[in-house]
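The values are calculated or read from the model by the stated rules, or taken from the named source; none is laboratory data. None of these values were measured; they are calculated from a predicted model. As a convention, Cβ positions derive from the backbone with ideal geometry for all residues, glycine included, and neighbour counts pool all protein chains shown. Ligands, DNA and RNA are excluded from the accessible area calculation, which covers all protein heavy atoms including side chains. Shrake-Rupley method; radii C 1.70, N 1.55, O 1.52, S 1.80 Å.
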Amino acid sequence: MEIRIYGDEVLNQRAEEVTQIDVELKELIDAMYQKCPEANGIGLAAPQVGVSKRFFVVVVPDSEDDDGNVIKGTKQVFINPALSNPEGKCKMEEGCLSVPGIWEYVERPEIIEVEYTDIEGKRLSGRFEGLLARVIQHENDHLDGILFVSKLPRLKQELLKKRLNALKARKRNY
Ligand code: NI
């Protein structure tokens, strides 16, 4: 499984709805659950591995707060997600496995509601905030062919142009 890099056409396409949750899809999701932390990411969308379908995984490891309390992580797939009811605004630094080496602050809604299908085919919904809301919005953008760098102010994009073009020229995969 190779992660597609900036400049790869599949990253600019609008992905198609998932119509069937079969063995093939489940295997792909398992492979993505593995690949995501391996590549030091916390989210991975299907187009990033060359599959133009509407789903992404979120893999956030358990962590500890300052008092040593365990903060439970998450390992979840969102199939055919639909985002709604955004609330608030906040800036957070984002990176992307498909845009290696570039980290920038992006403004997005702070809280978001998501309706999605899980691996069993059940339609669920949830309200997410903080890091999860951020990852979900970033990954959901991938399903519409949108990369986080395109959400940056124009001037910032101009400044990144050389590095982005270099990625495009290199198009080296992990
Ligand atoms: Ni990304």
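For the stretch 54-79, how many residues are in a strand (DSSP E or B) and either open to solvent by 80 Å² or more (accessible area, probe 1.4 Å) or farther than 26 Å from residue 4 by Cα (or both)?
Residues flagged as in a strand (DSSP E or B) and either open to solvent by 80 Å² or more (accessible area, probe 1.4 Å) or farther than 26 Å from residue 4 by Cα (or both) within the stretch 54-79 amount to 5.
Within the set of pairs 6 or more residues apart or between chains, which connect a residue that is charged (D, E, K, R) inside the stretch 35-48 to a residue that is open to solvent by 60 Å² or more (accessible area, probe 1.4 Å) and more than 9 Å from the ligand (Cβ to nearest atom) with Cβ atoms less than 7 Å apart?
Once the first residue is charged (D, E, K, R) and sits in the stretch 35-48, its partners that are open to solvent by 60 Å² or more (accessible area, probe 1.4 Å) and more than 9 Å from the ligand (Cβ to nearest atom) give 35/1.
Find the residue count for the stretch 90-109, including only residues that are free of Cβ contacts under 8 Å to residues at least 60 places away in the same chain and either in contact with an Asp or Glu (Cβ under 6 Å, 6 or more places away or on another chain) or of a type outside the set (D, E, K, R) (or both).
So the count comes out to 9.
What is the number of the single condition among (1) under 20 Å from the mean Cα position of the chain (by Cα); (2) surrounded by fewer than 17 Cβ atoms within 10 Å (Cβ to Cβ) that residue 167 does not meet?
It fails just one condition, (2).
What number of residues in the stretch 10-51 are under 15 Å from the mean Cα position of the chain (by Cα), farther than 12 Å from residue 80 by Cα and not in a helix (DSSP H, G or I)?
Residues in the stretch 10-51 being under 15 Å from the mean Cα position of the chain (by Cα), farther than 12 Å from residue 80 by Cα and not in a helix (DSSP H, G or I): 10 in total.
Out of 99, 77, which single residue is in contact with a helix residue (DSSP H, G or I) (Cβ under 9 Å, 6 or more places away or on another chain), aliphatic (A, V, I, L, M) and over 30 Å from residue 169 (Cβ atoms)?
Every option except 77 fails the conditions.
Report yes if residue 7 is within 16 Å of the ligand (Cβ to nearest atom), out of contact with any helix residue (DSSP H, G or I) (no Cβ under 7 Å at 6 or more places or on another chain) and either in contact (Cβ under 8 Å) with a residue 40 or more places away in the chain or of a type in the set (Phe, Trp, Tyr) (or both), otherwise no.
So residue 7 does not fit the description; no.
List the strands (runs of 3 or more DSSP E) inside the stretch 80-161, counting only whole elements, that have at least 1 residues being open to solvent by 80 Å² or more (accessible area, probe 1.4 Å) and within 16 Å of the ligand (Cβ to nearest atom).
Those strands (runs of 3 or more DSSP E) span 90-94, 104-108.
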